[in-house]
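A short reminder: the numbers here are calculations on the coordinates, not readings from a lab. Computed from a prediction, not measured in an experiment: that's the story for all the values here. All Cβ positions, glycine included, derive from the backbone under ideal geometry; neighbour counts span all protein chains shown.
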Amino acid sequence: MFHDPGCVTRHFDAIHLEEEPLKCNWCEVGLLHRMALQRHASDVHRVRSRWPCSNPMQGLQKQE
């Protein structure tokens, strides 16, 4: 079910410890996973991430 131990840890922390969701800087959406937040920013707000990083909104820029 999980590809590596890190996936199990992230799942456990996010689902079973009721971790606070990551908030979008442009709207009120809250998501549990950094990749989901980056995908949301890209799909909904046309924001692209140039560098993978630990801060989900760092490196994201609004596109006009």
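I need C7, C24 ordered by Cβ neighbour count within 10 Å, fewest first.
Numbers: C7 11, C24 19.
Going from sparsest to densest Cβ surroundings: C7, C24.
Once amide H atoms are placed 1.01 Å from N in the peptide plane, what residues at a sequence separation of 5 or more from R48, or on another chain, have their amide H within under 5 Å of its amide H?
For R48, the qualifying residues are Q61.
Put a dot 7 Å past each Cα toward the Cβ at H45 and C27; how far apart are the dots in nm?
1.0 nm
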